[in-house]
1. Checking K329 against (1) within 26 Å of A120 (Cβ to Cβ); (2) touching a Leu at 6+ places or on another chain (Cβ under 7 Å), only one condition comes out false. Which one?
2. Considering every residue within region 310-331, establish whether at least one is in a loop (DSSP other than H, G, I, E, B), open to solvent by 30 Å² or more (accessible area, probe 1.4 Å), more than 30 Å from T394 (Cβ to Cβ) and without any contact (Cβ under 8 Å) to a residue 24 or more places away in the chain.
3. In the list S262, S286, which residue meets the criterion of being surrounded by 15 or more Cβ atoms within 10 Å (Cβ to Cβ) and within 30 Å of G389 (Cα to Cα)?
4. Which one is nearest to K342 (Cα to Cα) among residues in region 369-411 that are free of Cβ contacts under 8 Å to residues at least 40 places away in the same chain and among the hydroxyl-bearing types (S, T, Y)?
5. Only residues that are buried (at least 21 other Cβ atoms within 10 Å of the Cβ) and either without any contact (Cβ under 8 Å) to a residue 12 or more places away in the chain or in a helix (DSSP H, G or I) (or both): list them for region 190-202, please.
6. Which members of region 121-142 meet the condition of being buried (at least 19 other Cβ atoms within 10 Å of the Cβ), free of Cβ contacts under 8 Å to residues at least 40 places away in the same chain and of a type in the set (S, T, N, Q)?
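The values are calculated or read from the model by the stated rules, or taken from the named source; none is laboratory data. Worth saying up front: this structure is predicted, and the values here are computed from it rather than measured. Glycine gets a Cβ as well: all are built from the backbone with ideal geometry, and neighbour counts include every protein chain shown. Side chains are part of the model used for accessible areas, which takes the heavy atoms of the whole protein and leaves out ligands, DNA and RNA. Shrake-Rupley method; radii C 1.70, N 1.55, O 1.52, S 1.80 Å.
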Amino acid sequence: MSFRSVFIAVTVSFALILGAFLLNRARPRVETEQPTADFVRASGKCAECHARLQYSVVHEYEMSAHAKHSVNCLDCHQPAKGQQSEDHHGFVISKHLTAGNCRSCHEGIYQEFLRSRHAAPSWAAVYGEKGLTPEQVSFSEQFQPGGTRRPPHPFVIAEGGAAMKSGCEQCHSVGKPNEDGTIGNCTACHSRHTSSVALARLPSTCAQCHMGPDHSQIEIFDESKHGVMFAAQEHLLKLDADPRTLTTRDMFVPTCATCHMSGINGLKVTHDPSDRLSWYLANAVSEKRPNYLRAQANMKQVCAQCHTPALVDRVYAQAEEIVAGTNAKVLAAKAIVDRLHKDGIVAGPPFSNPIDFTYFDLWHYDGRTSKHGAFMGGADFVQWHGNYGLLQKTVQLQHDAAEMRRTHGAH
């Protein structure tokens, strides 16, 4: 065969292939992206009933990344290791979904979560180590020392089980131990059927739990420059951008997830929100975390995506001065209460005397708020919701202690 004939044959073949490609590209996606038979059977049969009974479930799934990647209903609802199963209209599904179902595809993310304070320490903050296995406690203590090996909070008995179940547990169940041996449930942040990255990036999602006088992060964020800019420019942000390629073009205003978890501009993504935290700010007297230097360097690296190193260092230096000052004020207040106990003037279990509540409010509300406000740019929370309360309650403690001593001496 001559070169001319070969050339014509190759050219014609290429033209036919290109033409077919262009024609196929012009076809509707519903024709070119046909799902597999298994996908149709599983998702179609599920949707057939649930579209009539709980349409929102089907609609949310249709919008999800799972649907776009042909992850069908059974892929998530099939029983994972250690889970109870049940027959459901011809399908065998898990009775209760947990992180065990998500980890089948997201094992690395689950392992990062297990090392965080969102996992076992969150549950133990209410119920102590009770309900956790010794292995779960030992594992968590390696990464969050003192966070899990602890007794139940005094409020569990003082306020009662109903208050805990409908109150504290609704947030702290993010680290609840499951019957299958796993911890927590990913849907607390990502929702059940949208499995949304955008939802997890919204400050309001974190605010389900991180709000109020004891951990007022959302109120502080809303007051800060970051919060003001987010409120004004949320519609310009790409909240659903792929975490692996996220840049400041997508998120030029940070949310909670941007600073604590994201891999913005090529940084490492983490599902341990405490990985970049250098202090135990939630404690009555804050101490540096074991990974203080590494954590601070990692968070400063995130800050540096938008701010100059000089500004970042100044904010950190000022915030650490607030931590030191707050620690000193809390210790002074604690000394007043400790002396009353030592001298036998105050007795009984925790929270059985009015002065117990004054001291608790001082560190648990005012002290925490002062410290969080300093690191998050909330000036009003450093002052009026923080240091002012520290001062006011210290004076109250001094007055109450003097009165109690006077009354005790009269007897």
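1. (1)
2. Filtering region 310-331 down to residues in a loop (DSSP other than H, G, I, E, B) leaves none.
No, that holds for no residue.
3. Among S262, S286, only S286 is surrounded by 15 or more Cβ atoms within 10 Å (Cβ to Cβ) and within 30 Å of G389 (Cα to Cα).
4. The selected residue is T407.
5. Those that are buried (at least 21 other Cβ atoms within 10 Å of the Cβ) and either without any contact (Cβ under 8 Å) to a residue 12 or more places away in the chain or in a helix (DSSP H, G or I) (or both): A200, R201.
6. S140
This table checks each residue for (1) surrounded by fewer than 18 Cβ atoms within 10 Å (Cβ to Cβ); (2) free of Cβ contacts under 8 Å to residues at least 24 places away in the same chain; (3) not charged (D, E, K, R).
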residue	(1), (2), (3)
C209	no, no, yes
G212	yes, yes, yes
S216	no, no, yes
F221	no, no, yes
M229	yes, no, yes
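To keep it simple, each residue is scored yes or no on (1) modelled with pLDDT of 95 or more; (2) hydroxyl-bearing (S, T, Y); (3) not in a loop (DSSP other than H, G, I, E, B).
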position	(1), (2), (3)
M211	yes, no, no
D222	yes, no, yes
H226	yes, no, yes
T248	yes, yes, no
T258	yes, yes, yes
